[in-house]
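Below is one structure, written out as structure tokens; the observations come after it.
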Amino acid sequence: MSDCVFCMIASGAIPATIVWQDEGIVAFADLNPQAPVHILIIPREHYTGMADDVPADVLAALLQAAPRVAEAAGVADSGYRLVVNTGPDAGQTVPHLHMHLLGGAALAEGMVRLA
């Protein structure tokens, strides 16, 4: 999608601090971090969110990328949280399927509102 900021990051049209990537997934630092380590993991292909008919292999690729991203970010051993928001009531502000990887400190329990 040509006007999607995450699609533009995935294509390289907008610069970002890329933490890890492969042919189908891009992981980059969040510009508004909610934890010492806050990385967004996105599929290169555009899906608005979990409510889309996202193929199982894309969902699997997102989840399989998480440990690699955590390793690259230095939080694999200490631990990390994964969050997926879908829709405005969940706090999704960019309509491109993405997963937040949070770590770098002990994270509080309970509800977390992330864009």
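The values are calculated or read from the model by the stated rules, or taken from the named source; none is laboratory data. Predicted, not measured: the structure shown is a model, and the values here were computed from it. Don't worry about glycine lacking a Cβ; one is built from the backbone with ideal geometry, like all the others, and counts go over all protein chains shown.
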Pairing a residue in segment 104-115 that is within 19 Å of residue 76 (Cα to Cα) with any residue that is charged (D, E, K, R) and at pLDDT 85 or above, where Cβ atoms lie under 7 Å and the two sit 6 or more apart in sequence or on different chains, gives 107/81
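Hey, can you tell me all the residues within segment 73-110 that are among the charged types (D, E, K, R) and either in contact with a helix residue (DSSP H, G or I) (Cβ under 6 Å, 6 or more places away or on another chain) or more than 15 Å from residue 30 (Cβ to Cβ) (or both)?
Selection gives 77, 89, 109.
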When only residues in segment 1-13 that are farther than 17 Å from residue 49 by Cα and surrounded by fewer than 12 Cβ atoms within 10 Å (Cβ to Cβ) count, which is farthest from the chain's Cα centre (by Cα)?
13
Return the pairs, sorted by first residue and then second, in which the second residue is part of a loop (DSSP other than H, G, I, E, B), the first residue lies in segment 73-88 and is charged (D, E, K, R), the beta carbons are less than 6 Å apart, and the residues are 6+ apart or on different chains.
81/107
State all residues of segment 44-72 that are in contact (Cβ under 8 Å) with a residue 40 or more places away in the chain, within 15 Å of residue 29 (Cα to Cα) and either assigned to a loop (DSSP other than H, G, I, E, B) or charged (D, E, K, R) (or both); if no residue qualifies, say none.
68
Residue hits (segment 46-56; surrounded by fewer than 16 Cβ atoms within 10 Å (Cβ to Cβ) and either modelled with pLDDT of 95 or more or of a type in the set (D, E, K, R) (or both)) are 52, 53, 55, 56
